[in-house]
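Inspection log for the structure reproduced underneath, given as C-alpha cells.
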Amino acid sequence: MEVARHWRETPERYRMEGVKCSKCGKVLFPARIICPDCKSREFTKYKLSGKGKLFTHTIIRTAPEGFSDLAPYAVGIVELDDGTKILAQITDCNPEELKTGDKLIAKFRRMNEDGKTGMIMYAYKFVPDVGI
Ligand SMILES: [Zn+2]
C-alpha cells in the first residue's frame, strides 16, 4: 500500500471506526461522504463491533514482497455483527481449517515492515473467536 494513503486512513483503521447514516442507518466502513443507499450526507461516527463470521476466504501461498514470511496465510471477507463486510487477514489459526461461518474477532496486529523505510505497519486482523 502507498505509504501516504496508509497514514491518511490510519486513525479509522486503527479504531475500526466507520460512520452510520443518520437518515437510513446504513453503516459504512471506511467512511464516505455520501450514503450510497439514500444519498444523505449526514453521518454519525460508528465503532464497528469487531466481531463477526467468515463470509468467504482464500489462502495466499505466493505472497507479495514484504509478506513472504507469513505465507501461507488466509485473507477473507468477514461479515460483522452489524452487517458490514470487511476484507482482512485471518491469523492465529491453521488457514487450511478455516470454514465459512467461523466466528472471528478483530485484533490489532503488526502487518509488515516496509523494507525501504523500515516503517512497521499495523492493522487489524481477525482471529478465531474462542470466547476469551
Ligand atoms: Zn443512508
Seminar exercise, completed: Scoring only Lys, Arg, Asp and Glu (+1, +1, -1, -1) among other residues with Cβ under 13 Å from the Cβ of G25 yields 0
For this session: List the relative contact order of the range 26-101 as a percent without decimals, with contacts defined as Cα pairs under 8 Å and 6+ residues apart.
Result: 29 percent
Exercise. For A74, which sequence-distant residues (separation of 5 or more, or a different chain) have an amide H within less than 5 Å of its own amide H, given hydrogens modelled in the peptide plane?
Worked result: I60, I90
Problem set entry | Entries of K20/K116; K20/K99; K23/K51; K26/K99 with Cα pairs more than 32 Å apart | K20/K116
For this session: Starting from the Cα-Cα distance between C38 and E65, subtract it from 0.36 nm times their residue separation and give me the gain in nm to one decimal.
Result: 5.7 nm
For this session: Kindly write out, for the range 90-100 in residue order, the coupling ³J(HN,Hα) from the Karplus curve 6.51 cos²θ - 1.76 cosθ + 1.60 (θ = phi - 60°), rounded to whole Hz, with x marking Gly and Pro.
Result: 10, 10, 6, 7, 7, x, 5, 9, 5, 9, 3
Problem set entry | Cα-based Rg of the range 30-132 normalised by 2.2 N^0.38 Å, two decimals | 1.22
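Here, each number is a calculation from the coordinates, and none is a lab measurement. Please read all numbers here as calculations on a predicted model, not as lab measurements. With ideal geometry, Cβ positions are generated from the backbone for all residues, glycine too; neighbour counts draw on all protein chains shown.
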